[in-house]
Each structure stands twice: as C-alpha cells, then as structure tokens.
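The values are calculated or read from the model by the stated rules, or taken from the named source; none is laboratory data. Small disclaimer: the values here were computed from a predicted structure and weren't measured. A quick note on method: Cβ atoms are made from the backbone with ideal geometry, for glycine too, and the neighbour counts reach across all protein chains shown. Each accessible area value is taken on the protein alone, full model and side chains, heavy atoms only, with ligands, DNA and RNA left out. Shrake-Rupley method; radii C 1.70, N 1.55, O 1.52, S 1.80 Å.
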Amino acid sequence: MKHLFFPLLFLITINCYSQSYLSPAYSPTEIESQVNVPLAMKALAILKGRYDNNSARINNFINDAKTQVNNSSLDKNLIQNIQNRFYLEYVKPYYAKRYDLSSNSLTENIVNWLKGGFDYTLKTETAKFLEESDSLKKGVRAFIGNYGGYSISLIEEYLFLDNKWIQIKSEKNNGFIYYDGNILHFKRGNSNWKNRELNYKVYSTALKSYTYTSPSGETTIDDAFTKITFYNSTENTDKKYIYIIGKPDKNILPK
C-alpha cells in the first residue's frame with residue numbers, strides 16, 4: 001500500500017501549495033480546511049481495491065497453472081521439473097519485485113509475462129523429458145542383439161595417477177562376459193563371476209559409446225559392442241579395466 005500512499009500525498013501537497021500561492025494570507029488551519037480528506041480517502045480506497053483485485057488475479061493464475069500441471073497425465077518427474085523451473089524463473093522473481101499492482105496496464109503485462117513463461121517452461125521441459133526418455137530407450141535396447149556369453153581377447157588394467165591413466169597390467173585370452181540386458185556378468189581368470197548393473201546414463205556421440213551407472217562404478221560400452229570399460233569407483237578416479245570382446249560362445253554362462 002505504500003505505493004498508493006505517496007502519489008496521494010503528492011497530490012495533496014500540490015493542492016495545498018497552489019492554495020497558499022494564490023492566497024497571500026493563510027494559516028495552517030486554512031490549508032487543512034482546504035484539503036478534501038473524504039475525497040482523498042475515497043481515491044485511496046479505489047487504488048487499494050484495484051491493487052487487491054490485480055494481486056488476486058496474478059495469484060489465481062499462478063495457482064491455476066500449478067493445478068493444471070498437477071492434474072495432468074504427465075510423468076511425475078516431468079511435473080516436478082516444470083513446477084520447479086516455473087517457480088525459480090518466473091514466480092519467485094515476480095514476488096521479489098513488489099510491483100505497484102494498482103496499475104491495470106502493469107498487471108496485464110505481468111500476467112502475459114507469466115503466461116508466456118509457463119507455456120515456454122511446459123514446452124521446453126516436456127521436449128527435454130521426451131529426449132531423455134528416448135535416449136534411455138536407446139540405452140536399454142542398444143545391445144538387444146548381443147545377449148549371451150563372450151570370450152575376452154584382451155584385458156588391460158589402468159591406475160589413475162597424477163591426473164592420468166597409467167596401464168599397469170595386460171592379459172590375453174583370460175576373461176569372459178555374459179550380457180543379459182540389465183546386468184553385465186564378467187569373470188577374469190579363475191576368479192568368481194561378478195556383475196554390474198547397467199543403469200543407462202548417457203550416450204556420447206564423440207566416443208560412440210554408452211555409459212551406465214551402478215553402485216560399484218560406471219561402465220561404458222562402445223556401440224559396436226567390441227570394448228567394455230569398467231570403473232571401480234563412482235568418481236572414476238581409481239582403477240579401470242578395459243575388456244576387448246572376442247567371439248560369442250553359447251557355452252559361457254555365469255555361475
């Protein structure tokens with residue numbers, strides 16, 4: 001309401017000044033009697049009513065936008081992404097400005113800005129979600145034709161030192177893998193079978209490889225299914241093992 005008070009105070013002051021300028025002989029009592037207090041209060045009430053109505057209009061739009069998304073059939077994660085982004089980029093900045101909403105034209109501009117922001121957020125977040133979902137599907141079905149067991153023609157072991165990977169061991173024809181879609185089983189020498197979950201993360205067009213996550217670390221598989229890289233820490237800064245995939249072998253099964 002401070003936005004409404006100062007314009008009225010200014011008008012009252014100008015009125016008083018004009019009256020005093022035209023009448024050489026005046027007193028504070030005369031000035032006070034010349035101010036139309038009921039008219040000033042009426043104007044203030046009009047501005048306040050306009051402010052309240054415009055504020056309610058904007059708040060109603062924000063709430064309606066939230067309800068519209070919540071009641072939609074969109075994925076829950078997508079709904080959350082839309083709401084979070086719309087709040088951070090539009091709703092929060094609006095409340096931080098403390099606009100004088102006694103102006104109808106300013107209110108109209110704010111409503112249009114919020115509507116445009118909501119539509120843009122809905123469109124871009126949905127496109128992003130669909131793109132990520134498509135990539136996820138690609139990651140799951142990428143090696144659908146490669147199910148089964150394989151011999152490993154070469155295993156290279158690396159250690160990360162001084163910000164670079166240093167090869168510390170190399171073994172030929174001493175490993176096996178078994179790919180079943182969601183899990184990659186692997187075996188080295190006479191050791192027991194181990195496995196890695198394959199939770200799709202991203203596809204690199206530059207490296208032409210898929211990256212998957214697991215509690216044990218990340219795993220990358222080139223899109224030709226010829227090389228697998230196991231990282232044994234989630235930070236990818238400890239050790240890694242490169243398995244060069246050999247021929248398929250139906251007799252290879254994890255135990």
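Among the candidates 161, 184, 154, 198, single out the residue that is farther than 18 Å from residue 227 by Cα, more than 23 Å from the chain's Cα centre (by Cα) and not polar (S, T, N, Q). Please lay out each step first, then the result.
Working: 184 fails: farther than 18 Å from residue 227 by Cα; 154 fails: farther than 18 Å from residue 227 by Cα; 198 fails: farther than 18 Å from residue 227 by Cα.
Answer to the selection: 161.
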(request) Could you identify the single residue in 228, 245 that is touching a residue at least 40 places away in the same chain (Cβ under 8 Å), within 20 Å of residue 159 (Cα to Cα) and among the β-branched types (Val, Ile, Thr)? (result) 228
(message) Given the options 66, 76, name the one that is open to solvent by 90 Å² or more (accessible area, probe 1.4 Å), over 19 Å from residue 133 (Cα atoms) and within 22 Å of the chain's Cα centre (by Cα).
(response) 66
